[in-house]
Protein chains: 12
Amino acid sequence: MAIGSTYKVVELVGSSSESVQQAIDGAIARAAQTIRNLDWFEVREIRGTIDGGAANWYQVKLGIGFRVDSGEDVSQD
Amino acid sequence: MAIGSTYKVVELVGSSSESVQQAIDGAIARAAQTIRNLDWFEVREIRGTIDGGAANWYQVKLGIGFRVDSGEDVSQD
Amino acid sequence: MAIGSTYKVVELVGSSSESVQQAIDGAIARAAQTIRNLDWFEVREIRGTIDGGAANWYQVKLGIGFRVDSGEDVSQD
Amino acid sequence: MAIGSTYKVVELVGSSSESVQQAIDGAIARAAQTIRNLDWFEVREIRGTIDGGAANWYQVKLGIGFRVDSGEDVSQD
Amino acid sequence: MAIGSTYKVVELVGSSSESVQQAIDGAIARAAQTIRNLDWFEVREIRGTIDGGAANWYQVKLGIGFRVDSGEDVSQD
Amino acid sequence: MAIGSTYKVVELVGSSSESVQQAIDGAIARAAQTIRNLDWFEVREIRGTIDGGAANWYQVKLGIGFRVDSGEDVSQD
Amino acid sequence: MAIGSTYKVVELVGSSSESVQQAIDGAIARAAQTIRNLDWFEVREIRGTIDGGAANWYQVKLGIGFRVDSGEDVSQD
Amino acid sequence: MAIGSTYKVVELVGSSSESVQQAIDGAIARAAQTIRNLDWFEVREIRGTIDGGAANWYQVKLGIGFRVDSGEDVSQD
Amino acid sequence: MAIGSTYKVVELVGSSSESVQQAIDGAIARAAQTIRNLDWFEVREIRGTIDGGAANWYQVKLGIGFRVDSGEDVSQD
Amino acid sequence: MAIGSTYKVVELVGSSSESVQQAIDGAIARAAQTIRNLDWFEVREIRGTIDGGAANWYQVKLGIGFRVDSGEDVSQD
Amino acid sequence: MAIGSTYKVVELVGSSSESVQQAIDGAIARAAQTIRNLDWFEVREIRGTIDGGAANWYQVKLGIGFRVDSGEDVSQD
Amino acid sequence: MAIGSTYKVVELVGSSSESVQQAIDGAIARAAQTIRNLDWFEVREIRGTIDGGAANWYQVKLGIGFRVDSGEDVSQD
């Protein structure tokens, strides 16, 4: 019986002019550029802005979790 | 330092036989037919009805916010 | 596959000196006087005022949903 | 024992460049320009925008309740 | 005035490697294989797992409601 | 000091054309037809449908808890 | 401009073998036996116990608010 | 390793004709008149009444926590 | 059919330097010193303070319910 | 790109006279007696009963998720 | 149609001995010292500590959102 | 009257094969390896994974708050 890995969750908002789905994927892709060991995401809010009678930006707030390796500074996301 | 614009939020439910995305877009488009100055939306609920073993209507409840101009009656959405 | 009807939800508080049930029914009846195509209701809050050691008004906040016809102004509830 | 008044709740967002307090007051004052019989308000969300290292707009979402007189159209806020 | 039908709600999580939309549809389709009289669904949670810098599984938790016929055992979903 | 009984909670929606109260009682009575050892209920949602200017069905979603005996299959409600 | 009255809210659970309505009324009546200046109540939870295939006790948790007079000890409800 | 102090939380609603801030401060000051060892507060609700087109009472519901000394009756707030 | 017992719920925060479990038990034991007829508890919040790189106090907020006998003052917890 | 597994979530309440931890473990162990492919759990509520001045039963409500194999009846938990 | 900017939300708690308003402003000002492109804030919790019969620190928890430029490490707030 | 310290809250998930308690402690200990001035924690979610008929990992999501010194970059956790 032992303590396992620690994970950190950062909150990101992805945006897309096309769809809610693309806003989710964009935020995850952006996180993946600089964070290793991404593990899961949770959708926390779906909203957006409207212009010209249609949504121009879909905005999805995500919690994105990743494993923190033992040598890493958790204050560094 | 001053008071800024007032916004009103109406609650609409869009429906689509195709997708959650289209239900969102449909509600916004419908709002745009008669409301000026639409500004943002917030997804509040995603649900739907099932018929014949599949969703036949996706229903998305949205709060839709718009700026109320100074001469307008806020009791008029 | 197509976009379906749009529904609007208005928030009303019914009140009754008799019961929670009557407060619900009163709000729906009041809505029906001026809104066509009422479709469903959701109870959002049950509260009331007390006078003389008993509830004198039961107050029930409802979301009441109705179908918006194509020619109607959604800014008109 | 009888059915009492019906109240309607509209959702407004007040904004102020000065304070949360002023954003609340501004939304109520705006509602009062066109709605009679205003009765109570409920704060539902406090947020705002940031520019130049400080909040430039405080935005407060309020539910504002008012009594609907018997002859009025509840679809008219 | 009478008691109407009773409905049961089961909680399922659909998963898809493609989209949130497909995860919803997959869970409903799976429910339809063994449950009759499916009536509605409610989205309760949207999350997923990440692998290789992108979501590999979108996971949507749904409440799925169906009518329970009079002769049926409600302990049988 | 020991592990005690396990309880299972099923989610049912009762409906009544008469009252919220009857919708609650109907769902419990329906559960009692096929589930033994019913122990408690929790009201999770009160809503309904409207037809002809009045509620035609009151719908109450309940969590209904019951003790699972040691020989029983918890996958059987 | 001045500070107004302070109100205290106590949480009580009323119970009735007959109905949700009676459980609400019973809790208020009980509060009124020893608390002066009762002002309002808020329903926070509706649940109950089941025996013999029917609800034997409806239990409603209420917040009950009352004005605290200036000479009173707020630690005394 | 030991059990520490126990704290009690009472729920008060402060009111002010001037501001949300003053309603908070008023409720704390009122609590301090008769409760020793006040430790923290949590804002739970901000609402108010409207008269003459403006808020006449701001009402803030607070949980107020205080340490219960060993000889005290926790049933005495 | 009759009105049953009334219960009161007080909110206490137990604290322990050892564990969440002990903080729960400590709050209940403290309540039992001066309150008769304790009946149930509900965990509402788990938090704590950190000192020297570890939790020094686990703090658990509980609602603790007890039956109010007919002769008692409910304003006395 | 394809639809993945479907999971079902059942709601169980475990109980223990010893600890919150044991109540969690007991509910999972009980589920494991008759459900295959258990995958995860979510704690939804922690409460309990009090007798003789101490908790006599800790009760933890869990959502327990498991994979539904393709040949299985999801109406069978 | 394209993916738009990604935003990150950090959670800060501002504190002030003077007012809730100043605690909000202080947290935003502190964030602005080291974070570029601050865009919006959301109030998540208002609480504080009490000493000498009055609030000595007002504490406001904010989510503060800012745009992440393309070359930046999102693990760096 | 002055602005006080700013605190930052990071969200971590601790895991343990032994207990919920150990998962909490592990996450705090991990945070303490690289973050100074840790001040408090809040439990936000308790869940876990199941393998072989028992929980193999208890996972607890915590908000962990710490004071940000004046010279520090808040974008560095």
Open item on the list: List the lysines whose Cα sits under 25 Å from the Cα of E:Lys61, skipping any in the same chain fewer than 8 residues away.
Closed with: A:Lys8, A:Lys61, B:Lys61, E:Lys8, F:Lys8, F:Lys61, J:Lys8, J:Lys61, L:Lys61
Task: Förster radius 41 Å - calculated FRET efficiency between J:Asp51 and G:Asp69, Cβ distance, rounded to 0.05 - done: 0.60
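If N is the number of residues in the protein assembly as shown, what value comes out of its Cα radius of gyration divided by 2.2 N^0.38 Å?
Details: Rg = 26.6 Å, N = 924, 2.2 N^0.38 = 29.5 Å.
Rounded to two decimals, the normalised Rg is 0.90.
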Open item on the list: Whole-Hz ³J(HN,Hα) for each residue in segment F:12-17, computed from phi via Karplus 6.51 cos²θ - 1.76 cosθ + 1.60 with θ = phi - 60°, x for glycine and proline: what do you get?
Closed with: 10, 10, x, 9, 8, 8
- [ ] Taking amide H positions as placed in the peptide plane 1.01 Å from N, state which residues far from L:Glu45 in sequence (5 or more) or on other chains have amide H under 5 Å from it.
- [x] L:Lys61
Task: Computed helical MRE - 222 nm, chain A, DSSP H runs ≥ 4 contributing -39500 (n - 2.57), nearest 500 - done: -6500 deg cm²/dmol
Open item on the list: Considering only C-alpha atoms, what is the centroid distance from segment H:17-77 to segment F:1-74, in Å?
Closed with: 38 Å
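Using Cα pairs under 8 angstrom and six or more residues apart, how large is the relative contact order of chain B, in percent? List each step's numbers first, then the result.
Values: 141 pairs, mean separation 31.8, N = 77.
Once normalised by length, the contact order is 41 percent.
Assign unit charges at the C-beta atoms only (+1 for Lys and Arg, -1 for Asp and Glu), then state the dipole size of the protein assembly as shown relative to its Cα centre in Debye, rounded to the nearest 20. Could you put the intermediate results ahead of the total?
Numbers: 84 positive and 132 negative charges, 0 e Å.
I would put it at about 0 debye.
Mind checking K:63-69 for the average number of partner chain beta-carbons within 10 Å of each residue's beta-carbon?
Working: counts 4, 2, 8, 3, 2, 7, 0.
For peptide K:63-69, the averaged partner shielding equals 4.
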Open item on the list: If I histogram all Cα-Cα distances within segment B:6-68 using bins 10 Å wide from 0, what percent of pairs lands in each bin?
Closed with: 25, 47, 21, 6, 1
Open item on the list: Check which residues have an amide H placed less than 5 Å from B:Glu18's amide H, if you skip close sequence neighbours.
Closed with: B:Tyr58, C:Ala2
- [ ] Let me know the charge dipole size of segment B:6-68 about its Cα centre in debye, to the nearest 20, where only the beta-carbon of Lys, Arg (+1) and Asp, Glu (-1) is charged.
- [x] 280 debye
Task: Under the Karplus curve 6.51 cos²θ - 1.76 cosθ + 1.60, θ = phi - 60°, whole-Hz ³J(HN,Hα) for segment A:22-28, x wherever Gly or Pro sits - done: 5, 5, 4, 5, x, 5, 5
- [ ] Output ³J(HN,Hα) for segment L:35-50: one whole-Hz value per residue in order, computed from phi by the Karplus curve 6.51 cos²θ - 1.76 cosθ + 1.60 with θ = phi - 60°, and x for Gly and Pro.
- [x] 10, 8, 6, 4, 10, 7, 9, 10, 7, 10, 6, 10, 8, x, 10, 10
TODO: Name the long-range amide H neighbours of H:Val68: under 5 Å, sequence gap of 5 or more, or other chain; modelled H, no Pro or chain starts.
DONE: H:Thr6, H:Tyr7, H:Lys8
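Every read-out reported here was derived from the displayed coordinates using simple, explicitly stated rules and does not represent laboratory data. Computed from a prediction, not measured in an experiment: that's the story for all the values here. Here the Cβ is made from the backbone with ideal geometry for all residues, glycine too, and neighbour counts use every protein chain on show.
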